[in-house]
Structures are given as C-alpha cells and as structure tokens.
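Student: Could you have a look at this structure, given as structure tokens, before my questions?
The values are calculated or read from the model by the stated rules, or taken from the named source; none is laboratory data. All values derive from a computational prediction rather than experimental measurement. A quick note on method: Cβ atoms are made from the backbone with ideal geometry, for glycine too, and the neighbour counts reach across all protein chains shown. Accessible surface areas use protein heavy atoms only, side chains included; no ligands, DNA or RNA. Shrake-Rupley method; radii C 1.70, N 1.55, O 1.52, S 1.80 Å.
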Amino acid sequence: MERTMFDYFHRTVERFPDRDFQRIKKGKSFYGVTYQQAYEKVLETGTGLISFGVGKGDYVGVICDNRPEWILINLALQGIGAPDVPRDSAVPLPELRSIIDDCKPRFLIVEDEEVLDRILPLMDTFPSISGLFVIDGASRVGENVYSLDDVLTEGRTQLERGSNALLEAAERVSPDDVSTIVYTSGTQGIPKGTIIMHASFSYIFEVVPPLLDLTENDRVLSFLPPWHLLERAIDYIVFALGASMSYTTPKDVLRDIALEKPTFFVSVPRVWTAVYERARTEMKRQRPPLDRLLPGLVEKAILYKKAINRRKGRYPYPTKDAGGRVRAWRDSASNFVAYRIADLLVFSRLRKMLGGELRGAVFGGAHLPEHVEDFLDAAGLEVVEAYGMTEAAPVLTVRLFGGTLYTAGKPIPGTEIQILDEYLNPVEPGTTGVIYARGPQVMKGYTSQELTRRVLSPSSDGQSLKWYNTGDFGVMTPTGDLKILGRVGDDFKLVNGEWVIPQPIEDMIRTSQFIHEVMLVGADKKFVGALVFPEWDSLERYAREHSINYPTDDREAGHIALSRNEKLRALIAGEIRERVSAEKGIRPWEEIVKFAIVPQELRSGVELTATIKLRRHFIRQEYAQLIDDLYQ
C-alpha cells in the first residue's frame with residue numbers, strides 16, 4: 001500500500017510511542033529519544049516552518065551532515081509536502097550554485113554558522129531564496145536568517161494555541177507527490193537532479209525489509225551521509241518498522257559498534273576492507289608462534305567455508321561435475337579442525353569487536369574484492385551487497401543472507417533487470433552488457449528533460465513503467481544473480497586493443513592499509529598505470545617505525561617527501577603486486593606497470609563526490625601531468 005513518509009512515521013508513533021527511535025551519543029554513552037519525543041519535535045519543527053512561510057511544493061535545500069536533527073527536519077518537510085534538496089556541509093560553492101540555479105529552492109537550511117558564512121555572500125545571486133535557517137547558530141534577522149531554536153519556539157507557540165497546521169498539511173500530501181530531489185554524485189560530470197516520489201520510497205519499504213529480515217526489534221547504526229540514498233532508505237525503513245537508530249561518525253564507527261551492539265547497519269565497502277586489514281594486522285602483531293600460526297589457520301578456515309559454500313551452490317558458477325563435489329567434501333573435512341580453532345582465536349574476537357549481536361550488514365556503491373568476502377564469510381559475518389543508485393530510490397537488487405557470493409543478488413520483487421549489448425539486444429547469461437532496469441521505484445526523471453530522455457525509454461510491451469539505462473556494466477550469472485563490473489565510461493582501451501574495466505582491480509588494491517584510493521589510467525596507452533592516494537596516517541606511521549625522515553611541521557611538504565621516498569614507493573609497489581596478479585585472476589594486460597603517488601589529501605567535492613566516489617573526470621584533468629609522466 002502506497003503511503004507518504006510522514007504517514008509511515010505517524011503510524012509508527014501510534015504503535016510504539018515509548019520505544020526508542022533515536023540513540024544519540026553524549027560523552028562516552030548513548031541516550032534514547034522515543035518515537036513520541038521525536039514526533040513532538042517533528043510537530044514543532046513543521047509547525048514552525050509553516051509559520052515562517054514554508055508550504056507545499058516549496059523546494060528546501062538542506063546543507064547538512066548526518067546528525068539526529070536531520071531526519072526530524074526531513075520528516076517535518078515531508079509532512080508539509082516541501083521536497084528537500086540535500087547536500088553536505090562541505091559542498092563546493094560552484095556545485096551548490098549549479099544546484100540552486102537548477103532547482104531554485106525557496107528556503108535553505110544549513111548546518112552551522114561556518115556553512116552560513118560561506119553561503120551568505122552568494123545570496124544576492126539566488127533570487128529564489130526567501131529565507132535561511134541555521135541548525136547550530138543564532139538568528140540574523142537583518143539578513144533573513146533564523147535559528148532552528150526560533151523555529152521550534154514558534155512551533156511550540158502555535159501548537160499551544162491549538163494549531164494543527166502540520167497534520168492538516170500532511171493530509172494534502174499524496175504518494176504521487178515529490179518527496180525529494182537528490183543530486184547524483186557527479187562521478188563523470190555535473191550532478192543531475194533526481195526527482196523521487198513518496199511512492200518510490202513506499203515501494204522500497206514494502207519489499208526490502210522482508211528480504212533482509214528487518215523488524216521493529218532491530219537496532220541500526222547510522223553513519224553514512226543522508227544524501228547517500230541507501231543510508232537514507234534504511235533510515236526511513238527504521239521508522240517505518242518502529243526500529244531504533246544510533247548515530248555515529250565514520251571515525252568512531254568501530255568504537256561505537258562495541259558500545260551500541262547494533263543488529264544491522266548500512267556501509268560502504270571501505271568499512272569492510274578496513275575490518276579485513278585490521279584483522280590481518282592484529283594477527284601479525286601476535287607473539288611467536290601465533291604470528292605465523294594464525295594466518296595459516298585463517299587460510300584453512302576460508303578453504304573450509306569455501307568447500308561448504310560449493311556444496312551449497314553459493315557461487316555464481318556452481319560446481320556440477322562429480323570431481324568438484326568430491327573435492328568440496330574433501331576440503332571441508334580436512335580443514336574443519338583449523339576452522340574451529342580459527343573461529344575460537346580470531347573470528348569470535350572479531351565478532352565481539354563488532355558488538356557481538358550484528359545479524360547482518362548491507363553495503364552499496366561498489367563491491368568487495370572476493371578474498372575480503374571470503375574472509376568475512378568465514379568469520380560468520382553476513383555482509384551482503386545491494387545494487388542500485390539514486391535514480392532507483394535506491395535499490396534494484398539485493399543479495400539475501402546466505403545468497404550467491406560475489407554478486408549483488410537478484411532483482412527485488414516487482415523489479416526487472418535486463419543486460420543489453422551495444423545494439424540493445426539481450427545477451428545470454430554470463431555475457432557482459434549494460435544493465436537496464438524498470439520497476440515502481442525508478443525515478444520519474446531528472447530536473448532536466450533532456451537528461452531524462454537520455455536514460456529513460458518507453459517499454460515496448462505496453463507497460464507504463466520505463467526502462468532505465470543504469471550506465472553500469474554487468475553480467476547475469478547462471479544462478480540468476482547480478483554481478484556489477486563497473487561504470488560505462490570508466491572502462492578504457494589500451495593501444496593494443498584490449499579493454500580494461502578498472503573498478504574490480506581498484507577494489508583489490510584498496511584493501512591495502514596504506515592505500516586510501518586508487519584510480520587506473522591508460523586509455524590509448526601501452527599499459528595500465530595508477531594514481532595512488534595514500535592512507536597518510538598509516539604511511540606516516542610506517543615511516544616513523546622504519547626511521548624514514550620527512551618534514552612533520554608542514555603536512556604538505558611531508559606528503560611530497562613521503563610520495564618521493566624510494567622505500568615507501570617500494571612498499572606501495574609491493575602492496576599492488578600482492579593484490580594485482582595472475583593468481584588473483586588478473587589478465588596480463590591488466591597488471592599495473594607504473595604508478596604515481598599523489599601528494600594530496602583527498603577532498604570531498606574535489607577529488608571525491610559527496611558519496612565518497614572518485615570524480616574521475618576531474619582527477620584526469622587535475623593530475624594530467626602526473627599521468628603523462630607515467631608514459632614518458
């Protein structure tokens with residue numbers, strides 16, 4: 001049944017008024033905010049915003065990071081029928097200007113006075129904006145700026161006078177109304193404004209929770225930014241079910257997992273590669289003989305789980321021959337004892353580090369290298385991939401717990417996926433092509449009709465739903481699961497005619513504790529090169545431990561010195577060789593021949609998008625000289 005976001009929330013408040021909705025950190029512990037308490041804040045916020053002139057159909061820019069107030073403000077706007085336009089507080093001003101020029105919001109809500117001071121000088125160029133609100137900050141009435149406290153105070157005053165403005169407004173909001181306009185991350189150009197209706201989210205709420213066994217008893221950890229639509233969808237699912245949500249930050253996530261003991265959370269692959277690397281590092285730090293014994297036990301444990309998985313048919317290309325089945329039985333029997341010991345000494349401690357009650361986690365935005373998935377699976381951690389994008393609100397496929405490894409799973413109910421070749425003909429399972437999708441959750445379009453026509457095409461079978469060109473390469477396995485290979489446009493051809501799809505190779509390299517990001521290059525060149533963005537804290541720690549001198553009073557100068565140091569270059573070269581080799585399934589032309597270390601901190605809105613993806617077009621331009629030097 002299609003509903004609006006506010007309707008879902010309101011119904012949950014009636015069912016579970018005294019249950020914790022939010023868990024907020026104060027000092028070293030968390031305290032709870034019940035659904036009833038949150039509802040009262042939403043009423044005050046929404047009633048106050050209506051008093052300040054926010055009405056149905058008004059676009060409201062929300063320039064804010066993940067914090068408890070975000071969802072309350074969002075729910076107030078959903079009740080009013082005022083679509084939010086979210087962006088992070090560090091959004092570059094040229095990008096913000098293009099977004100405001102495109103959707104022309106009537107109001108802006110900003111994180112704090114620092115963000116406000118960045119934006120205020122531009123207000124004269126934004127005639128559509130009639131008022132600003134600041135969450136952490138004071139009012140500046142002369143500049144038409146009002147604090148969130150002012151909004152709440154006004155809302156309480158109106159409610160005490162008997163106002164039902166928000167509830168009356170919510171009655172006029174339809175599932176077919178616009179819920180939000182989210183600008184895509186802009187990995188290949190200027191972000192596009194994606195129009196998402198309440199009905200699209202409502203469909204996700206109805207079909208996804210049963211697939212992941214999510215219920216009102218789940219405790220979810222929230223730390224990704226709210227403009228990351230997978231995080232936002234899960235946050236919405238939390239209040240639709242009546243579950244609870246704890247807030248943390250990326251740097252505190254491992255510490256707060258142990259405190260809050262979540263049963264479920266949304267993540268990006270980087271979280272799990274960090275868990276994998278941390279476990280490897282901890283094993284190496286053990287006293288002899290454990291430092292040599294534990295890695296071997298873990299490898300045998302992985303062989304045991306892989307044998308069990310082969311017997312259960314959990315791989316994209318299941319073993320059918322009798323010899324393969326015999327090997328699976330033999331490997332499971334011969335490695336069982338090692339698995340039990342590894343579970344006692346390594347995996348059980350890892351599960352405890354993650355709170356001990358984690359039932360499952362879902363990641364999106366990229367995929368995990370297979371050896372990291374193997375490790376997590378052996379450790380008893382149900383970490384599954386979901387595939388989708390902003391334009392799909394944001395889920396198209398989900399791998400179920402116990403589903404086919406190394407894949408993004410099967411289409412969710414009511415969603416269709418087809419893989420087409422360059423002539424728009426369907427390809428056979430196992431053949432690479434471009435992924436097309438249709439379903440009730442797919443956007444109605446972009447704010448630009450021209451951009452919409454490029455990606456949405458009418459169905460030839462008479463259905464009203466349109467096919468969406470995802471712009472992703474994928475392959476459908478014989479098990480009916482979707483495997484994502486990379487973005488169309490990210491692939492490139494070497495001068496010898498061989499094609500390279502960089503994302504799977506980059507995913508392997510990112511598992512190094514010394515490499516934060518990497519981007520492959522080599523279009524029309526003889527070989528593949530790489531730009532390496534180091535994990536500077538780890539690299540600096542290694543330099544200190546190995547008596548490598550570098551300037552410490554000037555961070556920029558220190559990075560330049562470290563990037564040129566031959567010992568550190570040899571370290572990075574070894575990390576790449578260990579991960580990118582024929583043994584890992586890499587073809588000869590895909591091997592990294594040369595690399596450059598970029599002596600620059602990665603910056604959101606510059607090298608990275610707001611959803612922590614590489615802005616490849618910018619990086620190619622910004623570091624053109626470094627790339628050219630690889631091929632001199």
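Student: When you scan the stretch 233-256, how many residues do you find that are touching a residue at least 40 places away in the same chain (Cβ under 8 Å), within 18 Å of the chain's Cα centre (by Cα) and surrounded by 19 or more Cβ atoms within 10 Å (Cβ to Cβ)?
Tutor: Residues flagged as touching a residue at least 40 places away in the same chain (Cβ under 8 Å), within 18 Å of the chain's Cα centre (by Cα) and surrounded by 19 or more Cβ atoms within 10 Å (Cβ to Cβ) within the stretch 233-256 amount to 9.
Student: Quickly run through the stretch 241-255 and pick out the residues that are within 27 Å of V13 (Cβ to Cβ) and part of a loop (DSSP other than H, G, I, E, B).
Tutor: Hits for the stretch 241-255 are G242, A243, T248.
Student: Can you tell me which residue within the stretch 534-570, out of those that are under 30 Å from the mean Cα position of the chain (by Cα) and open to solvent by 40 Å² or more (accessible area, probe 1.4 Å), is nearest to R510 (Cα to Cα)?
Tutor: Looking at the filtered set, the residue picked out is E535.
Student: Continuing with this model, one more query. Test each condition in (1) within 25 Å of F618 (Cβ to Cβ); (2) at pLDDT 90 or above; (3) assigned to a helix (DSSP H, G or I); (4) not acidic (D, E) for L531 and report the one that comes out false.
Tutor: (3)
Student: Now for a different question. Look at the stretch 386-406 and say how many of its residues are part of a strand (DSSP E or B) and either closer than 15 Å to T470 by Cβ or aromatic (F, W, Y) (or both).
Tutor: Summing the residues that are part of a strand (DSSP E or B) and either closer than 15 Å to T470 by Cβ or aromatic (F, W, Y) (or both) in the stretch 386-406 gives 3.
Student: How many residues, within the stretch 42-85, are under 17 Å from S222 (Cα atoms) and not in a helix (DSSP H, G or I)?
Tutor: 4
Student: So how many residues does the stretch 170-182 have that are open to solvent by 10 Å² or more (accessible area, probe 1.4 Å) and either part of a loop (DSSP other than H, G, I, E, B) or in contact with a Gly (Cβ under 7 Å, 6 or more places away or on another chain) (or both)?
Tutor: Count: 7.
Student: Being of a type in the set (A, V, I, L, M, F, W, C) and either in a loop (DSSP other than H, G, I, E, B) or free of Cβ contacts under 8 Å to residues at least 24 places away in the same chain (or both) is the filter here, so list the residues in the stretch 407-433 that pass it.
Tutor: Of everything in the stretch 407-433, those that are of a type in the set (A, V, I, L, M, F, W, C) and either in a loop (DSSP other than H, G, I, E, B) or free of Cβ contacts under 8 Å to residues at least 24 places away in the same chain (or both) turn out to be A408, I412, L420, L424, V427.
Student: Restricting to the stretch 431-443, name every residue that is open to solvent by less than 40 Å² (accessible area, probe 1.4 Å) and under 14 Å from K483 (Cβ atoms).
Tutor: Matches in the stretch 431-443: G433, V434, I435.
Student: Out of (1) buried (at least 20 other Cβ atoms within 10 Å of the Cβ); (2) touching a helix residue (DSSP H, G or I) at 6+ places or on another chain (Cβ under 6 Å); (3) modelled with pLDDT of 95 or more, what's the single condition that is false for I308?
Tutor: Evaluating I308 over (1) buried (at least 20 other Cβ atoms within 10 Å of the Cβ); (2) touching a helix residue (DSSP H, G or I) at 6+ places or on another chain (Cβ under 6 Å); (3) modelled with pLDDT of 95 or more leaves (1) as the failure.
Student: Identify, from the list A328, A338, A342, the residue that is more than 30 Å from L254 (Cβ to Cβ), open to solvent by less than 80 Å² (accessible area, probe 1.4 Å) and in a helix (DSSP H, G or I).
Tutor: Being more than 30 Å from L254 (Cβ to Cβ), open to solvent by less than 80 Å² (accessible area, probe 1.4 Å) and in a helix (DSSP H, G or I) holds for just one of A328, A338, A342, which is A328.
Student: May I ask you to verify whether L465 is touching a Gly at 6+ places or on another chain (Cβ under 8 Å) and within 26 Å of T407 (Cβ to Cβ)?
Tutor: yes
Student: Which residues, taken from the stretch 577-617, are in a strand (DSSP E or B), buried (at least 18 other Cβ atoms within 10 Å of the Cβ) and either without any contact (Cβ under 8 Å) to a residue 40 or more places away in the chain or not β-branched (V, I, T) (or both)?
Tutor: Answer for the stretch 577-617, where residues must be in a strand (DSSP E or B), buried (at least 18 other Cβ atoms within 10 Å of the Cβ) and either without any contact (Cβ under 8 Å) to a residue 40 or more places away in the chain or not β-branched (V, I, T) (or both): F595, A596, L608, L614.
Student: Any residue at all in the stretch 298-321 that is in contact with a Leu (Cβ under 6 Å, 6 or more places away or on another chain) and part of a helix (DSSP H, G or I)?
Tutor: no
Student: Let me spell it out: the conditions are (1) surrounded by 17 or more Cβ atoms within 10 Å (Cβ to Cβ); (2) within 26 Å of the chain's Cα centre (by Cα); (3) in contact (Cβ under 8 Å) with a residue 24 or more places away in the chain, and R620 meets all of them except one. Which number is the exception?
Tutor: Checking R620 against (1) surrounded by 17 or more Cβ atoms within 10 Å (Cβ to Cβ); (2) within 26 Å of the chain's Cα centre (by Cα); (3) in contact (Cβ under 8 Å) with a residue 24 or more places away in the chain, the one that fails is (1).
Okay, residues lined up against (1) free of Cβ contacts under 8 Å to residues at least 24 places away in the same chain; (2) of a type in the set (A, V, I, L, M, F, W, C); (3) in contact with a Pro (Cβ under 7 Å, 6 or more places away or on another chain); (4) open to solvent by less than 40 Å² (accessible area, probe 1.4 Å):
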| site | (1), (2), (3), (4) |
| --- | --- |
| I195 | no, yes, no, yes |
| H228 | no, no, no, yes |
| K261 | no, no, no, no |
| V271 | no, yes, no, yes |
| P289 | yes, no, no, no |
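Student: (1) closer than 21 Å to P94 by Cα; (2) of a type in the set (D, E, K, R); (3) more than 28 Å from the chain's Cα centre (by Cα): which one isn't true of D149, the others all being true?
Tutor: Just one mismatch for D149, condition (1).
Student: Working only within the stretch 197-224, note down all residues that are in a loop (DSSP other than H, G, I, E, B) and either open to solvent by 30 Å² or more (accessible area, probe 1.4 Å) or among the charged types (D, E, K, R) (or both).
Tutor: D213, T215, E216, N217, D218
Student: Hey, any hits in the stretch 104-111 for a residue that's open to solvent by less than 10 Å² (accessible area, probe 1.4 Å), in contact with an Asp or Glu (Cβ under 8 Å, 6 or more places away or on another chain) and closer than 17 Å to T194 by Cβ?
Tutor: So far as the stretch 104-111 goes, yes, one or more of its residues are open to solvent by less than 10 Å² (accessible area, probe 1.4 Å), in contact with an Asp or Glu (Cβ under 8 Å, 6 or more places away or on another chain) and closer than 17 Å to T194 by Cβ.
Student: Within the stretch 459-514, work out how many residues are of a type in the set (A, V, I, L, M, F, W, C) and not in a strand (DSSP E or B).
Tutor: Final tally of qualifying residues: 9.
Student: Criterion first (out of contact with any His (no Cβ under 7 Å at 6 or more places or on another chain) and either more than 30 Å from F126 (Cα to Cα) or not in a loop (DSSP other than H, G, I, E, B) (or both)) does D7 satisfy it?
Tutor: Spelling it out, D7 is indeed out of contact with any His (no Cβ under 7 Å at 6 or more places or on another chain) and either more than 30 Å from F126 (Cα to Cα) or not in a loop (DSSP other than H, G, I, E, B) (or both).
Student: Could you tell me which numbered condition H367 fails, if it satisfies all but one of (1) modelled with pLDDT under 95; (2) buried (at least 19 other Cβ atoms within 10 Å of the Cβ); (3) in a helix (DSSP H, G or I)?
Tutor: Failing condition for H367: (3).
Student: Which condition does T452 not pass, out of (1) under 23 Å from A393 (Cβ atoms); (2) part of a loop (DSSP other than H, G, I, E, B); (3) among the β-branched types (V, I, T), if it passes all the others?
Tutor: (2)
Student: Could I ask something else about it? Which residues, counting only those in the stretch 553-576, are within 14 Å of Y542 (Cβ to Cβ) and not in a helix (DSSP H, G or I)?
Tutor: N565
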